[in-house]
Structures are given as structure tokens and as C-alpha cells.
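The structure under discussion appears below in the form of C-alpha cells.
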Amino acid sequence: MKTAVVTDGKYRASLAAVRALGSAGFRVVVTQTKGEAAAAPASFLSRYAAETRWIDGSCKDDAYGQNLLALLGEYDTPVLFCTGADTLNLVSRRREEFAAVARFLVAPPQVLDDLNDKETVHQRAIELGLPVPEEFAAVPDRYPVVIKPHCGEKVGLKARERYVIAENTADYMAKYSAMARYDADPIVQEKVVGPGEGVNLLLDEQSRLICAFCHRRLREYPASGGPSTCCVSFYDAGMIDQAYRLLASFGFVGMAMVEFKGGKILEVNPRVWGSFPLSVCCGSPFTALYANAALGGSVDYTPQDFRAGVKMRYLFNDGMAVFDYLRHGKLRPALAGIADFFGTREALNQADDKAAYRAYLRDTLRRHGQ
């Protein structure tokens, strides 16, 4: 039985990956650095985790790379699934060392840097004739506009802090100045109207498309704009083609989510994204195909190899979103959220893996109680 190592077990996406790989017949090992978790994460209690491994220190420590290399060397060239951005960037920078002990699909550092830079993505999309929001090089002549850094993650901003909306010139001047503390030349774009949509792609070592599925945000927290709390799967061949053309033009390898809004490309997350557990909920073979391709198998793309129309929510986060929509007088999404409490699948609630789900709920409650 082939081994797969899933890193950064504290993330929700890690539990989804552990379940998918275990179901695909892999012996799954889950890792977690002690510096980023006070207690065993939910993925450690999953029935699909054959082995759990703590790693000393933090994933930001200089020793983390050698510690992870040593751990991987204990197994027979396992598949490596990097959940956290720090681990992904580490493996990208030290590809040759990690390739000697494991199999993975990870893009080179320059490709990751380019895709993390919103302006680089914007300009490449224009070159390819893909739809993007209008940008303003000076004070905008109309509002509202969105102000954001080139890469909010690099400057340590949380997802909800990575952009602000300006409604008029005075608002723009104040918020532009505030954002300039993180990026000397922030990006200013028109505010696009419409639901946020993600095209989730998997590309092999030759940048061939081997898996794709789409999701649409139904609610997010905070209601003014933040991470998705409830989403639904859908299929759109045109959006998949546009997203693939963009990623392939950079020579991308691995997993990524291309974010659209109002039919226009906003940015790229060249890594595991927040709503990744939807891949399991909607039956996409995304994670299993990642492992097969990483091992050198020939994988051909099959359009719409998942169930469209599958809703998924994060129970506590979605509850907060509903209250926030009510607080802002947005009754339609709030009422939809209340209705979804009775018929929408909780992202990590799986009938045959209740211990992991209970641990996830405890962790969530503890975080919100702090």
C-alpha cells in the first residue's frame, strides 16, 4: 500500500485530504508542527489517518525543512500533500531535496510568486484576452472601488483584511493611505458586482489539466466581504477554459483556485483554498488524481466528474454570517442561511468519521471562545 503524507493537519482542508486519500487506498500519515497547534488537530483523530506525527517547532523555523525531509525519508517515496502555504513554499524552494524523498505536484517559486501577485495576474489575463476588472492608475473617476495589496498573504494580512472598498474620493484617500502601509503601490480596481465564484484546477507536471470543479459563494463572513461560509458546486466549461489558459500560461503545476466575480478574473490562489472540503462533498476525484499524477501516472481530464448543485457550509462560520447579514439588513441571504441549516451538508460532518468531526467542533468552539 502506497503512503501519502498530509502536512499541516490543523487545517480543515487537511481533514478532507486525509479522508479522500484514505478512501482512495493510501496509507495516510498526517503531520503537524507543535508551534502551530496546542492540541491534536481533528485530522489526527480521523479513522482514515493511519499514523500521526508531531514535528518540533514551527513551520516558519529554519529547522522545519530538515525535520520534514527526515520524516519523509522514513517512508518509501510517499505522496506529499502540502496543505499550508508555508510548507508549500518551502517544498517549492527546495524542490530537488524533497523530490529525492517524496512525490508531489508543486510549482517553482517564481511561478508561485507571479500568481500570488494580483497585478501580474491581471496583466497576463489582459494579454490572453480574458475578462478582468478595470484598474485605475490615479484617483478614480467613479466609485465604488476596491483597494488591495499585490499579495496580502505576504504582508501577513488575514483574508478579510486583504482589500477595502472606497465609496467616494475622501474615503478613497483615507483607505488608500491605510493600505499603503502594507504595499507602497496598492492596486485600485472597479468593484465588480455578482457572486464570488471559484474555478478549482489541478495541473500535472506538464501543466496539463487533469481535474476541475467550480464553486459559487452563497454566503461569506463578514457579510461585507470575507471567506466563504456556504458554497455550492457547479459546472461551467467556459470558466474552466479561461482559468486553465491563465494557469497554463505561467507553466503552473499543482492545485489552484482562480477567483471570478461577475464573470471577471480577480485573482489566483496557487495552493489549497478555504472551501477545498467541497471537493469531497461533491464527489470530485481531485485529491486522488493529485496523488496518482504525483506518482507519475497518466491522468486524462474528464469534464464534470463531480456532482453539481451540492451545497456545503461551515456550521459556526455560517451562523455568524447569517447574523451579520441580518445586522446589515440583508434579509434574503439571511433567510436563505436559516433555511440551509435544515438541509445543507456541514463541510466536515462525515457519518463514518464522527470522532474527527467532534474534535473539529471542539476546536472551533475553543477558537471562537478565545
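Residues that are in contact with a Phe, Trp or Tyr (Cβ under 8 Å, 6 or more places away or on another chain) and modelled with pLDDT under 90 within the range 119-155 comprise GLY152, VAL155, listed in sequence order.
Summed over the range 240-257, the residues that are in contact with a strand residue (DSSP E or B) (Cβ under 8 Å, 6 or more places away or on another chain) and within 14 Å of LEU128 (Cα to Cα) give a count of 6.
Does the range 195-210 contain any residue that is in contact with a Gly (Cβ under 8 Å, 6 or more places away or on another chain), open to solvent by 20 Å² or more (accessible area, probe 1.4 Å) and within 17 Å of ILE265 (Cα to Cα)?
no
If you go through the range 160-179 and keep only what is under 16 Å from GLY226 (Cβ atoms), in contact (Cβ under 8 Å) with a residue 24 or more places away in the chain and surrounded by 15 or more Cβ atoms within 10 Å (Cβ to Cβ), you end up with TYR163, ILE165. Screening SER92 on (1) in contact with a strand residue (DSSP E or B) (Cβ under 6 Å, 6 or more places away or on another chain); (2) of a type in the set (Ser, Thr, Tyr); (3) farther than 21 Å from ALA16 by Cβ shows it passes everything except condition (1).
Being of a type outside the set (Gly, Ala, Ser) and in a helix (DSSP H, G or I) is a property that LEU80 lacks. The residues of the range 62-77 that are over 23 Å from the mean Cα position of the chain (by Cα), of a type outside the set (A, V, I, L, M) and not in a loop (DSSP other than H, G, I, E, B), listed by number, are GLN66, ASN67. Residues considered: GLY319, GLY283, GLY274. Of these, the only one that is in a helix (DSSP H, G or I) and not aliphatic (A, V, I, L, M) is GLY319.
Examine the range 216-225 for a residue that is at pLDDT below 95 and under 28 Å from ALA107 (Cβ atoms), and state whether such a residue exists. Yes: the range 216-225 contains one or more residues that are at pLDDT below 95 and under 28 Å from ALA107 (Cβ atoms). The strands (runs of 3 or more DSSP E) found wholly in the range 1-61 and carrying at least 1 residues that are more than 15 Å from THR83 (Cβ to Cβ) and open to solvent by 30 Å² or more (accessible area, probe 1.4 Å) occupy 27-33, 49-55.
Here ALA243 passes the criteria (1) open to solvent by less than 10 Å² (accessible area, probe 1.4 Å); (2) within 18 Å of THR287 (Cα to Cα) except the one numbered (2). Going through (1) more than 24 Å from ALA16 (Cβ to Cβ); (2) buried (at least 21 other Cβ atoms within 10 Å of the Cβ) one by one, CYS82 falls short only on (1). Residues that are open to solvent by 20 Å² or more (accessible area, probe 1.4 Å) and in a loop (DSSP other than H, G, I, E, B) within the range 287-304 comprise LEU295, GLY296, GLY297, SER298, ASP300, TYR301, THR302, PRO303, GLN304, listed in sequence order. Restricting GLY225, GLY263 to residues that are open to solvent by less than 30 Å² (accessible area, probe 1.4 Å) and at positive phi narrows the list to GLY225.
Here's the yes/no breakdown for (1) charged (D, E, K, R); (2) out of contact with any Gly (no Cβ under 8 Å at 6 or more places or on another chain); (3) open to solvent by less than 30 Å² (accessible area, probe 1.4 Å); (4) without any contact (Cβ under 8 Å) to a residue 24 or more places away in the chain:
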site	(1), (2), (3), (4)
TRP273	no, no, yes, no
CYS281	no, yes, yes, no
PRO285	no, yes, no, no
PHE306	no, no, yes, no
LEU315	no, yes, no, no
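Residue-level analysis places GLU127 outside the set of residues that are farther than 23 Å from LEU247 by Cβ and open to solvent by 70 Å² or more (accessible area, probe 1.4 Å). The set of residues in the range 173-202 that are of a type in the set (A, V, I, L, M) and more than 23 Å from the chain's Cα centre (by Cα) comprises MET173, ALA174, ALA178, MET179, ALA180, ALA184, VAL188.
Taken together, the residues in the range 131-145 that are open to solvent by less than 20 Å² (accessible area, probe 1.4 Å) and either of a type in the set (Phe, Trp, Tyr) or touching a strand residue (DSSP E or B) at 6+ places or on another chain (Cβ under 6 Å) (or both) amount to 2. Whether a residue is out of contact with any Leu (no Cβ under 8 Å at 6 or more places or on another chain), closer than 21 Å to GLY262 by Cα and free of Cβ contacts under 8 Å to residues at least 40 places away in the same chain was assessed, and GLU119 does not pass this test. Scan the range 330-350 and give yes if some residue there is within 30 Å of ALA125 (Cβ to Cβ) and in a helix (DSSP H, G or I), otherwise no. Yes.
Note on the range 78-102: residues that are under 21 Å from the mean Cα position of the chain (by Cα) and either charged (D, E, K, R) or within 15 Å of VAL28 (Cα to Cα) (or both) total 7.
The values are calculated or read from the model by the stated rules, or taken from the named source; none is laboratory data. These numbers were taken from a predicted model, which means no experiment stands behind them. Glycine gets a Cβ as well: all are built from the backbone with ideal geometry, and neighbour counts include every protein chain shown. What goes into the accessible areas is simple: the full protein's heavy atoms, side chains included, and nothing from ligands, DNA or RNA. Shrake-Rupley method; radii C 1.70, N 1.55, O 1.52, S 1.80 Å.
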